[in-house]
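Shown next, in structure tokens, is the structure this report addresses.
The values are calculated or read from the model by the stated rules, or taken from the named source; none is laboratory data. Keep in mind the model is a prediction, meaning the values are calculated, not measured. With ideal geometry, Cβ positions are generated from the backbone for all residues, glycine too; neighbour counts draw on all protein chains shown. With ligands, DNA and RNA removed, areas are computed over all heavy atoms of the protein, side chains included. Shrake-Rupley method; radii C 1.70, N 1.55, O 1.52, S 1.80 Å.
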Amino acid sequence: MGALTFTEEVASTVPAGKLFKGFFLDIDTILPKILPDFIKSFEIEGDGGVGTIKNVTLGLGAGLNVVSMKQRIDVIDKEALAYSYSVIGGDILLGKLESIVNHFTVTPTEEGCVVKKTTIYNPIGDEVIPEENIKEAAEQSGKLFKAVEAYILANLDAF
């Protein structure tokens, strides 16, 4: 079947640097605090930089019928406000995907910023990824973004 690529952009009133810090650099401490039903735990292997592995246990609040995800940080560029990670393991891959690659860029605007996300689903062989799974993942990602954005806005001085 080949890789499936989806791109979306979301505008935010949060200043670009603060959103980048909160949503990418501090996410491991923010998520369990603000969405304890979404993320049960993070187990970190590494120093938090490129190559770090995150074993994530998802909760029922994630709205997905999966409980585990293994991520690898691929890019952290604080100057360009770019961040990428790959999902390389866990039942979130549904036995149909080799990986899910997520690239993010944060671009400053007069009103705050725009976050561009490109997601690449890499299937195993000729596996077909059900469209409802991709829609469900996009919906949960949007909810997660809004929750983190609200937290950052409420605590701007911390970022």
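Brief remarks on what is shown
- Answer residue from the range 45-54, given it is of a type in the set (D, E, K, R) and either part of a strand (DSSP E or B) or modelled with pLDDT under 90 (or both) and is most open to solvent (accessible area, probe 1.4 Å) among those: GLU45
- No other residue among GLU132, GLU139, GLU111 is among the acidic types (Asp, Glu), within 13 Å of the chain's Cα centre (by Cα) and loosely packed, with under 15 Cβ neighbours inside 10 Å apart from GLU139.
- Boolean, ASP77 is more than 28 Å from THR13 (Cα to Cα) and among the acidic types (Asp, Glu): no
- Residues of the range 75-88 that turn out to be touching a residue at least 12 places away in the same chain (Cβ under 8 Å) and surrounded by fewer than 16 Cβ atoms within 10 Å (Cβ to Cβ), as a count: 3
- Exclusive hit being modelled with pLDDT of 90 or more and farther than 18 Å from ILE100 by Cβ, set SER12, SER84: SER12
- Restricting attention to the range 15-43 and to residues that are assigned to a strand (DSSP E or B) and loosely packed, with under 13 Cβ neighbours inside 10 Å, the residue that is modelled with the lowest pLDDT turns out to be SER41.
- Total residues in the range 55-80, condition part of a loop (DSSP other than H, G, I, E, B), within 18 Å of ASP28 (Cα to Cα) and at pLDDT 95 or above: 1
- Condition met for LYS116 (part of a helix (DSSP H, G or I) and either surrounded by fewer than 18 Cβ atoms within 10 Å (Cβ to Cβ) or not charged (D, E, K, R) (or both)): no
- As for the range 148-159, it holds at least one residue that is outside any loop (DSSP other than H, G, I, E, B), open to solvent by 30 Å² or more (accessible area, probe 1.4 Å), within 24 Å of GLU9 (Cβ to Cβ) and not aliphatic (A, V, I, L, M).
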